[in-house]
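Please read the structure below before turning to the comments.
The values are calculated or read from the model by the stated rules, or taken from the named source; none is laboratory data. Predicted model only: the values in this text are computed from it and were never measured. Neighbour counts are summed over all protein chains in view; Cβ atoms, including those assigned to glycine, are modelled from backbone coordinates with ideal geometry. Note: areas computed on protein heavy atoms with side chains; ligands, DNA, RNA excluded. Shrake-Rupley method; radii C 1.70, N 1.55, O 1.52, S 1.80 Å.
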Amino acid sequence: MKMFARQFNNSILHKLLVSRHFPMPQRLLSASVAEGNVVVVQEPNGGAPLKFPSVWLRDNCQCNCCFHKNTKSRQANWIRGNVESRIRNISGGHEEDVVAIDWFDDHKSVFKLDWLRDRDFAPTNRERYIEEVYKPSYQLWSKPDFPKVWRTFEFKDVMEKDGSFLQWLESLAVQGFSIIKNAPHDVTVARQLSDRIGFIKRTTYGEEFEVKSKENATNYAYLMSPLPLHTDLPYYEHQAGINLLHCYVQSLSHGGSNLLVDGFYVAERLRKEFPNFFEILLKTPVDWYDLGKDSGISFHNIWRSPMISLDVDGRYHRINENSMKRDSHFTIALEDVVPWYEAYDKFIELAYAETVEFKITPGEVFAFNNKRMLHGRTAYEDSPTNKRHLIGAYVDWDIIYSKIRILRSHKKKTKWN
Ligand code: OGA
Ligand code: NM2
Ligand code: ZN
Ligand code: ZN
């Protein structure tokens, strides 16, 4: 009953709106229904027509009855929907750039041209949306490309200027890593940067974690040993997105250098040069695990997943590699084991061939995409007066992409919806 009243009021509102907006002078837009119930909107200045299935228009009616503006939520329940969604009458705007639709069920919708353009189904527009709004494309890089993709940012700029902050986040999305310089000698740097983005991802290793050589270390990273190429937390379904490593004290010994390689590029080389191995690493689940204790809390994490994962568009999504955290339980068929090792061996060979080495210094923060960048370090030796000490924190990509979208929309002064 309540629903009926709202619909009724709404249709009166539409009549008022439509008559106010269309006092019938010269026509600016043409809108018609083509075969297959596709609405075709032709802008007066030519160009490719915009096309929308009528069911989609009906489903996305923006009137107050169908769409709750404040929560930006569709409120028309699909149970009331009709896949046929037949149109009785359609007209292009006259004074304003709108398309008005009169549906056979007596409902009326008005769509703004800008809103329609932004949602056009043409492939170029969908690609634009994915690139500009969803996620910027990553740039694959090889070892010789390293100087070209190396980006540095001033800590103060990242913290205080939205432009630099956005560029820093974009560098993590596109190149997969960057360095922040001149951070204060302060144990809160990793937290300050995480808070600037949103918030830290807490793991079984805490919020901030200290990478240093520890008595009775419970993680291999907390030794002075070489740390082979790896991604952190492959044993989590919800693995952290980025890793921030603030160099608080660097080792004065020969070692302690960073190793870095673009895991997506390595996967791409494998796909091109050894397609059979690529298929094996894409299909074979590996048992990643973490069994131990940190700050008095015991844990046993397991995540079964291949080394290479793609997203719905076939782009690289996540590389899993961590020889310290690969379980001796390998829950695949006996005959699949040797082929997996052959493929793995080739992947690792390519990864080391493409690895670069550098050594961050105190006051620098090495930030990287933990789903993409295999990283490691060379062995080092502490002395009584020099103890290497990094302070780390993780942030999720959901939080970073959201911040990128918000900062980009401020820059363009656009609002989504
Ligand atoms: C880690 C790690 C790098 C370093 O702790 O997971 O990658 O330089 N550390 O110690
Ligand atoms: N630390 C640094 O996934 C891992 O075990 C890598 C993670 C201990 C939080 C190291
Ligand atoms: Zn509506
Ligand atoms: Zn690591």
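With θ taken as phi - 60° and the Karplus curve 6.51 cos²θ - 1.76 cosθ + 1.60 applied, the whole-hertz 3J(HN,Hα) list for the range 55-61 is 4, 5, 5, 5, 5, 10, 3 Hz, x standing for glycine and proline. Counting only heavy atoms of the protein chains and using a 1.4 Å probe, V356 has close to 10 Å² of accessible surface.
The helix-based estimate of mean residue ellipticity at 222 nm for the chain, built from -39,500 (n - 2.57) per DSSP H run of four or more residues and divided by its residue count, is -9000 deg cm²/dmol to the nearest 500. Just how many % of Cα pairs in the range 307-355 lie over 18 Å apart, if you round to the nearest whole percent? Of all Cα-Cα pairs in the range 307-355, 43 percent lie more than 18 Å apart. Within the shell of other residues whose beta carbon sits under 13 angstrom from the beta carbon of K51, the net charge comes to 0, with Lys and Arg scored +1 and Asp and Glu -1.
Residue separation of R408 and W115 scaled by 0.36 nm, minus their Cα-Cα distance, works out to 103.7 nm of gained length. Scaled to the globular estimate 2.2 N^0.38 Å, the Cα spread of the range 146-414, given as radius of gyration, is 1.01. Between the listed residues A221, G314, W397, the Cα displaced farthest toward the positive end of the dipole of the chain, a dipole computed from Cβ unit charges relative to the Cα centre, is found at W397.
If you wrap the tightest convex hull around every Cα atom of the range 57-109 and split its volume per residue, you get 83 Å³. How charged is the neighbourhood of A221? Take every other residue with its Cβ under 9 Å from the Cβ of A221, and add Lys/Arg as +1 and Asp/Glu as -1. Its environment carries a net charge of 0.
For the peptides 223-233, 339-349, the ranking by packing is 223-233, 339-349, with the highest mean count of neighbouring Cβ atoms within 10 Å listed first. Label 7 Å along Cα→Cβ of F330; the range 278-298 residues with amide nitrogen under 13 Å? Label zone hits: 281, 284-288. Candidate cross-link partners of K403 among the lysines, defined by an alpha-carbon separation under 17 Å and a same-chain spacing of 8 or more, comprise K135, K161, K201, K411, K412, K413, K415. Extension gain, R86 to K161: 0.36 nm times the residue separation minus the Cα-Cα distance gives 21.9 nm. In the range 218-363, the inverse of the mean reciprocal separation of distinct Cα atoms equals 16.8 Å; this is its Kirkwood hydrodynamic radius. Using a 7 Å offset from Cα along Cα-Cβ at K283, what residues in the range 236-275 end up with backbone N under 14 Å from the label point? Answer for the range 236-275: 275. Taking every alpha-carbon pair under 8 Å whose residues sit at least 6 apart, the range 146-414 reaches a relative contact order of 36 percent. For the range 299-417, the Kirkwood hydrodynamic radius comes to 18.8 Å, computed from all pairs of different C-alpha atoms. With the simple spin-label model, which puts each label point 7 Å out from Cα in the Cβ direction, the N45 to E357 separation comes to 5.7 nm. Projected label points at K181 and K272, each 7 Å from Cα along the beta carbon direction, are separated by 3.2 nanometres. By the Cβ rule of 4.7 Å, the chain holds the following cysteines without a possible disulfide partner: C63, C65, C247. Excluding same-chain neighbours fewer than eight residues apart, the aspartates and glutamates reachable from K212 by a Cα-Cα span under 15 Å are D294, E381, D382. Here N64 and I130 are evaluated by their C-beta separation; at R0 = 30 Å the FRET efficiency comes out at 0.50. For the residues T204, T331, T385, a 1.4 Å probe over the protein chains yields an accessible-area ranking, largest first, of T385, T331, T204. These residues, E208, E95, go from largest to smallest accessible area, 1.4 Å probe, as E95, E208. Counting charges near T361 (Lys, Arg +1; Asp, Glu -1) among other residues having Cβ under 15 Å from its Cβ returns a value of +1. Here the Karplus curve 6.51 cos²θ - 1.76 cosθ + 1.60, taken at θ = phi - 60°, turns the phi angles of the range 317-328 into couplings of 10, 7, 10, 10, 7, 5, 5, 6, 10, 8, 5, 6 Hz, with x standing for Gly and Pro.
Farthest towards the positive end of the charge dipole of the range 267-367, among the residues L350, W340, P362, is the Cα of P362, using unit charges on the Cβ of Lys, Arg, Asp and Glu. Candidates H410, V149, G376 compared by Cα position along the dipole of the chain: farthest toward the positive end lies H410, with charges placed on Cβ. Taking amide hydrogens as placed 1.01 Å from N in the peptide plane, the amide H of V39 sits under 5 Å from those of A34, F52, S54, each at least 5 positions away in sequence or on another chain. Stretching the chain fully between E35 and S298 yields a gain of 88.4 nm (0.36 nm per residue, less the alpha carbon separation). The accessible area of R88, taken with all protein chains in place and a 1.4 Å probe, comes to roughly 110 Å².
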